[in-house]
Ligand code: AMP
Ligand code: MG
């Protein structure tokens with residue numbers, strides 16, 4: 001089975017968006033956990049923004065620049081197609097919290113694209129983690145990584161690294177939860 005761990009980054013500002021701009025997805029971090037051998041493949045899909053520009057605040061948070069996205073970013077259509085193609089081979093996908101599902105639904109609607117990852121197959125690992133391990137409390141992904149006896153690898157708020165660490169959590173959760 002393949003499990004897709006998704007972490008999205010979007011254009012952002014330290015307060016409201018400047019007039020005429022809206023927050024939109026600029027990076028899809030995708031880490032694929034292959035349960036046949038427990039390997040994790042990390043991918044960074046960059047997406048060119050069309051309704052906003054990358055602010056300095058956003059660059060400081062995500063590490064992404066407008067120049068990088070102009071150069072290496074896919075169109076939304078291509079990025080969405082890539083996700084749809086992946087999803088058809090795996091179905092289960094997850095994220096840390098609700099943000100990524102909500103944002104993908106919002107952007108799909110806003111830009112007239114088919115939702116590439118079916119919401120029915122989404123797993124919110126943050127809420128599951130809180131339910132099973134924290135007696136109903138919730139916490140950030142980095143502290144969950146440590147609770148699993150791991151250390152966060154890479155740069156927080158880089159979508160690909162966030163997704164990779166999420167996949168490491170999912171791999172550990174599966175190890176602890178498989179019934180024999
Ligand atoms: P994350 O997965 O935590 O890196 O966050 C996903 C997206 O949420 C970022 O790409 C930003 O668009 C937004 N975001 C996260 N933290 C902040 C923040 N402190 N201020 C503004 N936007 C943020
Ligand atoms: Mg992130």
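Within segment 141-180, the set of residues being away from ligand 1 (no atom under 11 Å from the Cβ), closer than 21 Å to residue 43 by Cβ and assigned to a loop (DSSP other than H, G, I, E, B) comprises 150, 152, 153, 154.
Mind listing just one residue for me: the one in segment 1-27 that is under 14 Å from the mean Cα position of the chain (by Cα) and away from ligand 1 (no atom under 11 Å from the Cβ) and, of those, surrounded by the fewest Cβ atoms within 10 Å (Cβ to Cβ)? Step by step, filter segment 1-27, then rank; the result is 3. Specify which of the listed residues (84, 173, 134, 105) is at pLDDT below 95 and surrounded by fewer than 16 Cβ atoms within 10 Å (Cβ to Cβ). Just a single option satisfies the conditions, and that option is 134.
Determine whether segment 37-51 contains at least one residue that is farther than 16 Å from residue 154 by Cα, in contact (Cβ under 8 Å) with a residue 12 or more places away in the chain, out of contact with any helix residue (DSSP H, G or I) (no Cβ under 8 Å at 6 or more places or on another chain) and away from ligand 2 (no atom under 16 Å from the Cβ). No. Looking at 152, 129, just one residue is out of contact with any strand residue (DSSP E or B) (no Cβ under 9 Å at 6 or more places or on another chain) and more than 22 Å from residue 1 (Cα to Cα), and that residue is 152.
Among the residues of segment 1-44, count how many are over 19 Å from residue 100 (Cβ atoms) and assigned to a strand (DSSP E or B). Count: 2. What are the residues in segment 66-93 that are within 16 Å of ligand 1 (Cβ to nearest atom) and more than 18 Å from the chain's Cα centre (by Cα), if any? If the condition is that a residue be within 16 Å of ligand 1 (Cβ to nearest atom) and more than 18 Å from the chain's Cα centre (by Cα), then 66, 68 are the ones that fit. The single residue among 168, 94 that is crowded, with 17+ Cβ neighbours inside 10 Å, in contact with a strand residue (DSSP E or B) (Cβ under 8 Å, 6 or more places away or on another chain) and within 27 Å of residue 22 (Cα to Cα) turns out to be 94.
The values are calculated or read from the model by the stated rules, or taken from the named source; none is laboratory data. None of these values were measured; they are calculated from a predicted model. Don't worry about glycine lacking a Cβ; one is built from the backbone with ideal geometry, like all the others, and counts go over all protein chains shown.
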